[in-house]
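What follows is a set of notes on a single structure, which appears directly below.
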Amino acid sequence: TTGQTDPNGGNTAVLMSNPSDANGFFYSSVSLQANTINTFSIYIKGASAGSVAIRIDGSATGTRHDVNYTTEWTRVSCYQEVVPDSGCGSWLLEPQSTNLNPYSEQFSQWTPVRTSVISNDALSPEGLINASKLLAEATSSNHQIDSQYYPIVSGSVVGSVYAKKGNIDFIRLRFDNTTLNIRGWFDLENGVVGDVDAGGVGTIESVGNGWYRCTLIESGNTSAGSSRLQLFLNENDAQTSWSANGDEYIHIWGAQAEQQSYATSYIPTNGAASTRLQDIANNSGNATLINSTEGVLYAEIAALANDLTFRQITLSDGTNQNRVVIRYRTSSNRINFLLSAGGSTILNQTPFVSDITDMHKVAISYKSGDIRLYIDGVKLAPSSQNSSPFTISSLNDLSFNGAANVDSFYGKAKAVVVYKEALTDEQLTCL
């Protein structure tokens, strides 16, 4: 029913307690046309303080937002990411990439081989009923679906698809018309990578509600011309031909083909390749708050892949003469600390971590004759360089790249901070 005037001068709706559902909850629902990433805002005011749970799409599996409200008007914004990130939020900084596969969701445009496609059959990771069912035909052979051909050049290729088990457990990905035509099997019951051909790498990532992003990489591709991505139904690991009864299926959504050494976030296509531009982070704050003679550069970061490339966060004078650097480099699973002063390298230390794609809290505290390095609250063993006196000056630029605007940081960043003073060991451990 309409009631009080809302904060913008319009009418409101009053939600009273109705008979509850089987779980004892009182609820109401409304149909809204949200934007492409499912966001909306609503003003809530209670007769007394309390809480309300909002689900985007209204289903039991939709993303739930628990909101506390008061007797004053409170604006609540709800959102559902296309591919939800795990844990706390972070900046996702990625390179430019193109989904070469022209139909990422419309599998009816792919070529079925002893399979059939039922479109809009299930809730996808996007939160919409737009996932497809891939159903095997009753015959003994391979059961697959092939994308349209797309152009490639020599260099690494990566294919990915979101998949959810139906009444069988495995999906197989294969590159067709690349150098090695790599195959990889993915266990959708246990969320693990199965058998992968030599020369390939497979990864699997849970995105919730039984969905997994399955990724296959072929780094040794020297072919140029055209290729296509193939998806196969399988009952078991390392299986090819098998006898189906005609009712075996899995669900699929969001197929992507890229010329990268790892899969980037999902890029939808609808009839043609689509490109997402490089993420750029700038305007890093007030340069007068940076102390050139001492301080701390701190970051909580994760790499997108252990791809043996330079990716750095730099505090500098805009050149390589004076700089404090935290970066990934060409060594596997290592974080590099670098400090240059007056053109001389004062510190260059590269400790090992178990997995650079996991979040790590990293700090370098600098002061002439006293450099200390920390990873995840643990002080690193000092090198002979750590106690060398130095004079560093003119630090005024914090960048998600090298001092010469190279080696952009591609990864996830939860925090990047510059402190004006060198911190104590107790403070660095706590940080």
Positions within region 95-110 being surrounded by fewer than 22 Cβ atoms within 10 Å (Cβ to Cβ) and more than 20 Å from the chain's Cα centre (by Cα), in sequence order: Pro102, Tyr103, Gln106, Ser108, Gln109
Give, as residue ranges, the strands (runs of 3 or more DSSP E) completely inside region 317-431 that count at least 1 residues that are more than 25 Å from Glu94 (Cβ to Cβ). 335-341, 344-349, 360-367, 370-375, 411-419
Could you say whether any residue in region 249-256 is within 16 Å of the chain's Cα centre (by Cα), crowded, with 21+ Cβ neighbours inside 10 Å, small (Gly, Ala, Ser) and not in a loop (DSSP other than H, G, I, E, B)? yes
I need the full set of residues from region 257-278 which are of a type in the set (S, T, N, Q) and outside any loop (DSSP other than H, G, I, E, B), in order please. Asn270, Ser274, Thr275
Apart from one, (1) surrounded by 19 or more Cβ atoms within 10 Å (Cβ to Cβ); (2) closer than 24 Å to Asp425 by Cβ; (3) not polar (S, T, N, Q) all hold for Tyr262; the odd one out is (2)
Checking the structure you have, find out if any residue of region 390-405 is within 25 Å of Thr264 (Cα to Cα), in contact with a strand residue (DSSP E or B) (Cβ under 7 Å, 6 or more places away or on another chain), of a type in the set (Asp, Glu) and open to solvent by 30 Å² or more (accessible area, probe 1.4 Å). no
Going by the structure shown, is Ser219 modelled with pLDDT under 95, of a type in the set (S, T, N, Q), open to solvent by 10 Å² or more (accessible area, probe 1.4 Å) and on the phi < 0 side of the Ramachandran plot? yes
What residue, of Ser365, Ser316, is touching a Phe, Trp or Tyr at 6+ places or on another chain (Cβ under 9 Å), under 20 Å from Val416 (Cα atoms), open to solvent by less than 10 Å² (accessible area, probe 1.4 Å) and hydroxyl-bearing (Ser, Thr, Tyr)? Ser365
Among the residues of region 90-112, is there at least one that is modelled with pLDDT under 95, out of contact with any Lys or Arg (no Cβ under 7 Å at 6 or more places or on another chain) and aliphatic (A, V, I, L, M)? yes
Scanning for something polar (S, T, N, Q), under 18 Å from Tyr212 (Cβ atoms), in a loop (DSSP other than H, G, I, E, B) and touching a residue at least 40 places away in the same chain (Cβ under 8 Å), does region 113-130 turn up at least one residue? yes
Identify, by number, the condition in (1) in contact (Cβ under 8 Å) with a residue 24 or more places away in the chain; (2) not in a strand (DSSP E or B) that Asn190 doesn't meet. (1)
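The values are calculated or read from the model by the stated rules, or taken from the named source; none is laboratory data. In this text the structure is predicted, and so the values were computed from the model without any measurement. Counting neighbours? That spans all protein chains shown, and the Cβs are built from the backbone with ideal geometry, glycine included. Heads up: the accessible areas ignore ligands, DNA and RNA and are worked out on the full protein's heavy atoms, side chains in. Shrake-Rupley method; radii C 1.70, N 1.55, O 1.52, S 1.80 Å.
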